[in-house]
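The next block holds one structure in the form of structure tokens; read it before the comments.
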Amino acid sequence: MTNPSFTEALASRPWLLADGATGTNYFKMGLESGDAPELWNFSHTDRVRRLHREFIQAGADIILTNTFGGNRHRLKLHNDQDKVREVNMAAAALARAEADAAGRPVYVGGSMGPTGEIFMPVGTMPHEEGVSAFEEQAMALKEGGVDVLWIETMSSEEELRAAVEGAAKAGLPIVTTMSFDTNGRTMMGITPKAFAALAASLSTQPAAIGANCGVGASELVATVLGITEARPDAAVVAKGNCGVPQYRDGHIHYTGTPDLMADYARIALDSGAKIIGGCCGTSPEHLAAMRKSLEGYTKGTRPSIELVEQRLGPVSVLAKGIDTAAEGAAKRERRRGN
């Protein structure tokens, strides 16, 4: 019997569990700072497959390929810009092998991260070049056997539009997430509400939209609340960091415990998320706690920001939807008009 497609599973299941971190788990496995994780698809296939396997064993329904920096612009930093097809096909094959061996439906998302370039009109990257780079990566991921193209950690409207346009040429379902890591906004100033409207305006409609990475679990849930309020019709992704990063003993550590991430998973579901996973710092142990927390859980009432802060930690003022700078400007205008 054939498994339901990714879009069929998304439509029929109450939730899907996505995997956790790639980079932070690879660092534990021996990845050195400055090295390209994508080259492990050739040099350390056993470690790449092991992490996929551990996430599947922890309960992941979706695993992402080791291709976050697999576009020509990111690979150029390692002088490997001519290996886009090989890198992405190899990564997809490794993930596909583990997904197919799972004994249950596990979907492979082809991870597509930012180019690292600033797009016109603010920067120098032309739209057409962005589209071409993302198309090249998407076609290789499709050839390697992914089920869905997973555009993640975007911060600008221009790059998001180019990524979706390029990925759409592969003809696979698309998921797209932005990272709201600057006081409730992306680095380029986009709010969750603005992202919801932007996603609705895309010529190719994503199967799911949402947020990943960011600051911590509480801020991520606040973002999800903003997206689901603006787009109650959308399937929404919550892929938050495992607590807050802290620099200790020369390394970045994340404060989130398995218990906190289990709580986060339920609150994310209550907030309207359909796909729930972890980002930086999220280990297979954290993911197993999230799976256990969601199993048998019935979606509850939509949480307040106060409850999110009480259970998961503080949320920035802007993430709460309170723009103090804009309110101050409005007050000054009113005073000027009197």
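Looking at the structure I just gave you, is D249 touching a Gly at 6+ places or on another chain (Cβ under 8 Å) and of a type in the set (D, E)? So D249 fails the test. Checked against the criterion of being outside any helix (DSSP H, G or I), more than 24 Å from D61 (Cα to Cα), free of Cβ contacts under 8 Å to residues at least 24 places away in the same chain and more than 19 Å from the chain's Cα centre (by Cα), segment 312-319 has no qualifying residue. Within the option set A93, A99, A138, being in contact with a Lys or Arg (Cβ under 7 Å, 6 or more places away or on another chain), among the aliphatic types (A, V, I, L, M) and closer than 29 Å to T2 by Cβ holds for one residue only, A138.
Among the residues making up segment 232-263, those that are more than 16 Å from the chain's Cα centre (by Cα), outside any loop (DSSP other than H, G, I, E, B) and among the charged types (D, E, K, R) are R248, D259, D263. Residues in segment 147-188 that are modelled with pLDDT of 95 or more, outside any strand (DSSP E or B) and hydroxyl-bearing (S, T, Y) were compared, and the one that is surrounded by the most Cβ atoms within 10 Å (Cβ to Cβ) is S179. If you check T67 against the conditions, is it over 15 Å from V106 (Cβ atoms), buried (at least 18 other Cβ atoms within 10 Å of the Cβ) and out of contact with any Gly (no Cβ under 8 Å at 6 or more places or on another chain)? Spelling it out, it is not the case that T67 is over 15 Å from V106 (Cβ atoms), buried (at least 18 other Cβ atoms within 10 Å of the Cβ) and out of contact with any Gly (no Cβ under 8 Å at 6 or more places or on another chain). Cβ separations smaller than 8 Å between residues 6+ apart or across chains give the following pairs from segment 224-244 residues that are on the phi > 0 side of the Ramachandran plot to residues that are part of a strand (DSSP E or B): G243/Y254. Taken over segment 225-252, residues that are farther than 18 Å from P314 by Cα, loosely packed, with under 15 Cβ neighbours inside 10 Å and either in contact with a strand residue (DSSP E or B) (Cβ under 6 Å, 6 or more places away or on another chain) or of a type in the set (S, T, N, Q) (or both) amount to 1.
Counting the residues of segment 1-60 that are in a loop (DSSP other than H, G, I, E, B), closer than 20 Å to A93 by Cβ and in contact with a Leu (Cβ under 9 Å, 6 or more places away or on another chain) gives 5. Considering (1) at pLDDT 95 or above; (2) of a type in the set (K, R); (3) closer than 20 Å to K193 by Cα; (4) surrounded by fewer than 20 Cβ atoms within 10 Å (Cβ to Cβ), the lone condition that K320 does not fulfil carries the number (1).
Taking the condition over 25 Å from T115 (Cα atoms) and either assigned to a helix (DSSP H, G or I) or touching a His at 6+ places or on another chain (Cβ under 6 Å) (or both), does R74 pass? Answer is no for this residue. If you check G103, G144, G130, G109 for being surrounded by 22 or more Cβ atoms within 10 Å (Cβ to Cβ) and free of Cβ contacts under 8 Å to residues at least 40 places away in the same chain, only one passes: G130. For segment 253-283, a tally of residues being under 18 Å from G210 (Cα atoms), small (G, A, S) and either at pLDDT below 95 or surrounded by fewer than 23 Cβ atoms within 10 Å (Cβ to Cβ) (or both) returns 1. The set of residues in segment 195-210 that are without any contact (Cβ under 8 Å) to a residue 24 or more places away in the chain and either assigned to a helix (DSSP H, G or I) or basic (K, R) (or both) contains only S201. Scanning segment 201-241 for residues that are modelled with pLDDT under 90 and in contact with a Ser or Thr (Cβ under 7 Å, 6 or more places away or on another chain) returns a single hit, G214.
The values are calculated or read from the model by the stated rules, or taken from the named source; none is laboratory data. Please read all numbers here as calculations on a predicted model, not as lab measurements. Glycine gets a Cβ as well: all are built from the backbone with ideal geometry, and neighbour counts include every protein chain shown.
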